[in-house]
Amino acid sequence: MGIDVYLNWKGKTEKEEEDQVTGWSTEAGSAGYLREAYHGSPYATQILVPEAFEDENSGKNVSIFAKELRANLDEALKAFKERVQKLYPDMPRKDYKKREKSFINFVELAEKKEKETGEPCTINASY
């Protein structure tokens, strides 16, 4: 089991939707998908998009401005680093960097899509 976070935006194509079906990849932020396993906290996804994890929002698309994601990114990356050190201390550096970059790519995609559409993206978290 794990945490799945999907980014959605106005005009999302079928191809873009298919690109988010990654087989639970932890490196697909550029497609608008983040994944964390339930192996222990802290959970970077919950810090990046806390609104999506509030009980009343469970499983719903929650609107969030890209500037809010950007504001949460540093803390989310700190949590990601802490989690890796705590739970996966032997993770190869190249794997660590790919997974870390996935969070950055996710935020950059939200910024790009918000700029293109003029509307904030929505987040759907499944956990």
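The values are calculated or read from the model by the stated rules, or taken from the named source; none is laboratory data. Note that this is a predicted model, so its numbers are computed, not measured. Here the Cβ is made from the backbone with ideal geometry for all residues, glycine too, and neighbour counts use every protein chain on show. We work out accessible area using only protein heavy atoms, side chains counted, and drop any ligands, DNA or RNA first. Shrake-Rupley method; radii C 1.70, N 1.55, O 1.52, S 1.80 Å.
Here are a few things to note about the model shown:
- Residue check for residue 40: modelled with pLDDT of 95 or more and at positive phi: no
- Candidate set from the stretch 58-73 (those that are of a type outside the set (D, E, K, R) and in a helix (DSSP H, G or I)); member that is most open to solvent (accessible area, probe 1.4 Å): 71
- Apart from one condition, residue 76 fits all of (1) closer than 15 Å to residue 46 by Cα; (2) open to solvent by 40 Å² or more (accessible area, probe 1.4 Å); (3) at pLDDT 95 or above; the exception is (2).
- Residue count for the stretch 21-57 satisfying the condition of being part of a helix (DSSP H, G or I), small (Gly, Ala, Ser) and open to solvent by 40 Å² or more (accessible area, probe 1.4 Å): 1.
- Search result, residues across the stretch 1-11 that are open to solvent by 40 Å² or more (accessible area, probe 1.4 Å) and farther than 15 Å from residue 58 by Cα: 1, 10, 11
- Tabulated pairs, the stretch 49-60, first touching a residue at least 60 places away in the same chain (Cβ under 8 Å), second open to solvent by less than 30 Å² (accessible area, probe 1.4 Å) and part of a loop (DSSP other than H, G, I, E, B), C-beta under 7 angstrom, 6+ apart or interchain: none
- Within the stretch 90-127, the set of residues being under 18 Å from residue 50 (Cβ atoms), hydroxyl-bearing (Ser, Thr, Tyr) and either open to solvent by less than 40 Å² (accessible area, probe 1.4 Å) or part of a helix (DSSP H, G or I) (or both) comprises just one member, 122.
- Tabulated pairs, the stretch 23-46, first within 17 Å of residue 64 (Cα to Cα), second part of a strand (DSSP E or B) and open to solvent by 30 Å² or more (accessible area, probe 1.4 Å), C-beta under 7 angstrom, 6+ apart or interchain: 32/6; 33/6
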